[in-house]
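Below is one structure, written out as structure tokens, with a few remarks after it.
Where a number appears in this text, it was derived from the coordinates with a stated rule and is not lab data. Note that the structure is a prediction, hence the values are computed from the model and not measured. Neighbour counts are summed over all protein chains in view; Cβ atoms, including those assigned to glycine, are modelled from backbone coordinates with ideal geometry.
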Amino acid sequence: MGEFFENVWQSITLLFTTQIGIGDIFDIIIVSVILYMILRVTQRTKAQQVLKGLGMLLVLAVISSWLNLSVINWIFSTILQWMLLIVVIIFQPELRQLLEQLGRGGMWMKKDRKNQNNNKEQDDKIIQEIIKTAQNLSRRKVGALIVIQQNSSLSDITDSGTRIDSEISSMLLENIFEPNTPLHDGAVVLTDKRIKAAGCFLPLSENTLIDKKLGTRHRAALGVSERTDAIALVISEETGVISYTKGGNIYRYIDSRSLRELLEAAFYTGKEDGNWFIRLENQIRSFLRSDKDRNDGN
């Protein structure tokens, strides 16, 4: 164990005493990107707790090495020898999710805008139709799940449903989700500003930290946002609450103004939405925290 940490220390010393070249810079960038991707995928999942546990084990290993605790050092040495296999077993779902995102190209590909209409008037009309749909279904407490494709391909999801390829209209969307109709239980996928398919099956989230009160629609919305960069709108059939999911996170109690801003970022061509999403997410989190505090106070 002492030899292992001695080698680590020598590597760190060598890093700071050796002149850094272009290849070293690329090496550091690649490792940083990989670590960022791992942290992003494991965010708010049980794997994040496992990472904390592994970090604590590493700290204990350093302390035991300094104190020359032979038995504990031997145990940690055995663990470190099998660390790669242990990590693969523990993080199998997260690694699969990471590879799926890489395969879809959702992390790196820029949006293909060639086939999208740059007419802002048309965008406004589409946005208004979706907002009208969400408000009407919410008021009537009709469950709905609408997925808006971004960069990642959703062809495997649209293939699981019924092809429609129609213009986006409130009347059609509301009719699809009307109870006791053939397609009301599945998800509607919007691609290139059109209703691509309905009655689609989505992968359910494997996150065990999800609120137990959330039903299958919410878990499906989380599942598709974990595996792709798509945005999913959910209307609860029990409460009528409008929610949306992005990046494996769910944001509930969305009002019409926030919904409009969300849809504008998703549909307007050439609009950078990265910083906007951070601001919006912070605003929603702040609102939900204050809402929770008000409920706890009551």
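Numbers for the structure displayed
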| item | result |
| --- | --- |
| I63-R139 pseudo-label distance in nm [points 7 Å out on the Cα-to-Cβ vector] | 6.1 |
| Which of T228, T162 has the fewest Cβ neighbours within 10 Å, and the rest in rising order | T162, T228 |
| Segment L204-V241, extension gain: residue separation times 0.36 nm, minus the distance between their alpha carbons | 11.3 nm |
| Förster-model FRET efficiency, 25 Å R0, S32 and L54, C-beta, rounded to 0.05 | 0.85 |
| Ranked L54, L35, criterion: other C-beta atoms within 10 Å, fewest first | L35, L54 |
| Residue order, fewest to most surrounding Cβ atoms within 10 angstrom, among S170, S205 | S170, S205 |
| Within segment 156-276: Cβ-based charge dipole about Cα centre, in debye rounded to nearest 20 (Lys, Arg +1; Asp, Glu -1) | 180 |
| Chain lengthening between R163 and D185 when straightened (0.36 nm per residue, less Cα-Cα) | 6.4 nm |
| Sorted peptide list for 231-239, 74-82, criterion being average Cβ within 10 angstrom, highest first | 231-239, 74-82 |
